[in-house]
Amino acid sequence: MNRFIYWELVQFIMSILTALLLPIATIAFTRQVQDYLHKIRQDILHHYYNQDNDEKVSSMQNRLTANLKLLADNYVTPWVAILSGVLEIIISIILLASMNWILILVTVIFAVIILSMPKIMEKRLHLQWIRLIRKMINC
């Protein structure tokens, strides 16, 4: 019972810290991304003004808006998900190890079973799908 209260208290403190630090981290990340995009935008503008090319304004505008948004959405933002996922895995392993090391082993076994389940069931599902199609055609 005492250990349960301890873990509930740890969870409560982590929830409070998350609620306090998440907005700060989000603002810092957004500022960093915006600074990065402004630097790229500035390099693109220098490229256009320093060269004597008659490229269309629409092309320049596209590079300054759409391409940078694509860069932020496809390359910068996924890193947050990757890093937070890795951090969650590390914290979970530490937490499970502090409770009992066998829990890590059981978790890994269940994860392997769950991740391999689609491959195991693939042939049977395919056969059932074919049977269902044949029944629908015969009706």
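The values are calculated or read from the model by the stated rules, or taken from the named source; none is laboratory data. Since the model is a prediction, treat every value here as computed from it, not as a measurement. Every residue, glycine among them, receives a Cβ derived from its backbone with ideal geometry; neighbour counts consider all protein chains shown. We work out accessible area using only protein heavy atoms, side chains counted, and drop any ligands, DNA or RNA first. Shrake-Rupley method; radii C 1.70, N 1.55, O 1.52, S 1.80 Å.
Report the Cα centroid-to-centroid distance between region 102-139 and region 39-100 in angstrom, as an integer. Region 102-139 and region 39-100 have Cα centres spaced 37 Å from each other. When the chain is described by a simple charge dipole with +1 on each Lys and Arg Cβ and -1 on each Asp and Glu Cβ, the residue from Ile5, Ile16, Leu37 located farthest towards its positive end is Ile5.
A simple rule links phi to the HN-Hα coupling: the Karplus curve 6.51 cos²θ - 1.76 cosθ + 1.60 with θ = phi - 60°, which for region 100-115 gives 6, 5, 5, 4, 5, 4, 5, 4, 5, 4, 4, 5, 5, 4, 5, 6 Hz, with x for Gly and Pro.
FRET efficiency for the Arg31 to Val86 pair, using the beta carbon distance and R₀ = 25 Å, is estimated at 0.65. Rounded to the nearest 10 degrees, the inclination of helix 2-50 to the longest alpha-carbon principal axis of the chain is 30 degrees. One decimal place: the segment Ile137-His38 gains 29.6 nm when fully extended, by the rule 0.36 nm per residue minus the C-alpha distance.
For the pair Lys123 and Asn50, a Förster radius of 35 Å applied to the C-beta separation gives a FRET efficiency near 0.05, rounded to the nearest 0.05. With the whole protein complex present, Phe12 retains an accessible surface near 120 Å², based on a 1.4 Å probe. Considering only protein heavy atoms and a 1.4 Å probe, what is the carbon-and-sulfur percentage of the accessible area of region 65-139? Carbon and sulfur together cover 76 percent of it. In this simple spin-label approximation, Thr18 and Ile113 carry label points 7 Å from Cα along the Cα→Cβ vector, and these lie 2.6 nm apart.
Partners of Lys119 within straight-line reach, counting lysines whose Cα lies under 29 Å from its Cα and excluding those fewer than 8 residues away in the same chain: Lys135. Placing +1 on the Cβ of every Lys and Arg and -1 on the Cβ of every Asp and Glu, with no other charges, gives the chain a dipole of roughly 920 debye about its Cα centre. Tell me which label goes with the value of mean projected area of the Cα convex hull in nm² computed from the coordinates here: (i) 10.5; (ii) 18.0; (iii) 11.2. Only one listed value fits the structure, namely (ii).
Within the same chain, lysines fewer than 8 places from Lys69 are excluded, and of the rest, those with a Cα less than 16 Å from its Cα are Lys39.
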